[in-house]
Amino acid sequence: MPINIIIFGQLADIAGGSLALENIADTNSLVKELHILYPALATAKYAIAVDKKVVNENTRLTENSIVALLPPFSGG
Amino acid sequence: MDKKELYERYQRQVILPGFGEEGQQKLLKAKILVIGAGGLGCPVLQYLAAAGVGTIGIVDDDVVTLNNLHRQVLYSVNDIGFSKTERATHSLRQLNPGIKIIPYNERLTVQNALILLDEFDIIIDGTDNFSTRYMINDACVLMNKPLVYGAISQFEGQVSVFNSRQNDNDETVNYRDLFPNPPKEDEVLNCADSGVLGVLPGIIGTMMANETIKLITGIGETLANRLLTYNALNNQVYKLALSARTGTRLLIPENEAAFLQMDYEWLCSSERTAPIAIGSEIDAGIFNDLIAKERVDVIDVREPGEMPVVNDFSNIKIPLAELSANTSLMKSDTIVAFCQSGKRSLQAVKILSGIFGGDKKIYSLRGGIIEWKKQKQTV
């Protein structure tokens, strides 16, 4: 089963609004994979949420995990 | 305002279950500070003034321009060229003469931030740049003030409440738990460069006003420890749980003196050099090369009076415990800490990396000054 990834803000200009990737064990490997697929992501700042929780360290991903990539917004 | 008028003005919210006269009294006694009277600030100010928040401070140093009017609905064409705080104050006093509006027609800086924030119970961040956002966050953590946060980009918005608990036992989180370090200027586009749908700050700002009302009156559930995201194009709303991050506190100045020395604009400027190595140890040979070739701040983190005295190369004497309060002395992009044996300087690297993130190259002299002197003798 794939890991589903939702991409917020202008990160979506780089990688599209959502995508699914197979065989990803944890968030560190996900980031690595994403940076290979979309090199521009490597220089972007974003927080990662897994199943609606923002995670601060490497987090195991399971079947059907939903990952969100959230960039900071400065506008007001 | 007499009691009858007071009752009539707020009647429709006073009759709400759980709100009552008590809720209204809480609003009338509350003091809130709105930083930024732009797209987010306008609806926040309008709704909170209308709801009867007793004291509202407004900080902004900008003037109204024509391209503000598609989203900053407090202003009209007659206001173009005039101070936003002054025009907002004028409108809000007409809307509700029974409350106190205090305009601060100035930019928030490290010099005035703590003094200003101190006068208010709740701080509302409606600013449009990262340097001020990080400054407000750090000041609110330092002063333990609830911070209502909102930010927008193009068609999307984020809302949260920082430094506040839903339940007594909850931890508190702040903006740096979500985004520890600010992006550089060119890493994220601002409204001027990327555009914003006019109604979006209206929606997000109104949500911020709602969070503020809940914080003050205690009704409902706030977005403390949650980040809400809203997409105006597809109406998708996500509520994400936030948790405290180890190390966040190290990024925030630990006291007023350290706060005053922060340079938030520099933190967000694109001229920062890319990180090359953080937290590494270097030996005497590399150290000698480095100080010969580059501008380096060498810091002696030993206590005053420790021997040997080092005057073989220029160095700044800052004991380990005083490091974080003296970061303003570190002007170069490269820092090398040393102590007697190389242990305390490693701690220094940890502390400084926490403060500067990847913005500077920070090294520890392996083996300390004792090893360095030994190497010097053998050369």
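The values are calculated or read from the model by the stated rules, or taken from the named source; none is laboratory data. A quick note: this is a predicted structure, and the numbers were derived from the prediction, not measured. Methodologically, a virtual Cβ is constructed for each residue, glycine included, from the backbone with ideal geometry; neighbour enumeration extends over all protein chains shown.
How do the pairs read when you match residues in the stretch B:225-240 that are without any contact (Cβ under 8 Å) to a residue 24 or more places away in the chain with residues anywhere that are among the basic types (Lys, Arg) and in a loop (DSSP other than H, G, I, E, B), using Cβ under 8 Å and keeping only pairs 6 or more apart or on different chains?
The qualifying pairs are B:238/A:52; B:239/A:52; B:240/A:52.
Given the condition surrounded by 13 or more Cβ atoms within 10 Å (Cβ to Cβ) and at pLDDT below 85, answer yes or no: does some residue in the stretch B:249-267 qualify?
Checked against the condition, which is being surrounded by 13 or more Cβ atoms within 10 Å (Cβ to Cβ) and at pLDDT below 85, the stretch B:249-267 yields at least one hit.
Checking the conditions here, which among B:177, B:138, B:121 is of a type outside the set (Phe, Trp, Tyr), in contact with a strand residue (DSSP E or B) (Cβ under 9 Å, 6 or more places away or on another chain), assigned by TED's automatic domain parsing to the domain that holds residue B:222 and more than 25 Å from residue B:24 (Cβ to Cβ)?
Just a single option satisfies the conditions, and that option is B:177.
Given (1) surrounded by 23 or more Cβ atoms within 10 Å (Cβ to Cβ); (2) within 20 Å of residue B:252 (Cα to Cα); (3) more than 9 Å from chain A (Cβ to nearest Cβ), where does residue B:175 come up short, assuming only one miss?
(3)
Which condition number in (1) over 28 Å from residue B:160 (Cβ atoms); (2) surrounded by 14 or more Cβ atoms within 10 Å (Cβ to Cβ); (3) touching a helix residue (DSSP H, G or I) at 6+ places or on another chain (Cβ under 7 Å) is the one that residue B:45 fails?
Residue B:45 satisfies all of (1) over 28 Å from residue B:160 (Cβ atoms); (2) surrounded by 14 or more Cβ atoms within 10 Å (Cβ to Cβ); (3) touching a helix residue (DSSP H, G or I) at 6+ places or on another chain (Cβ under 7 Å) except (1).
I'd like to check which helices (runs of 4 or more DSSP H) are fully inside the stretch B:1-99 and have at least 3 residues that are under 22 Å from the mean Cα position of the chain (by Cα).
The qualifying helices (runs of 4 or more DSSP H) are B:41-51.
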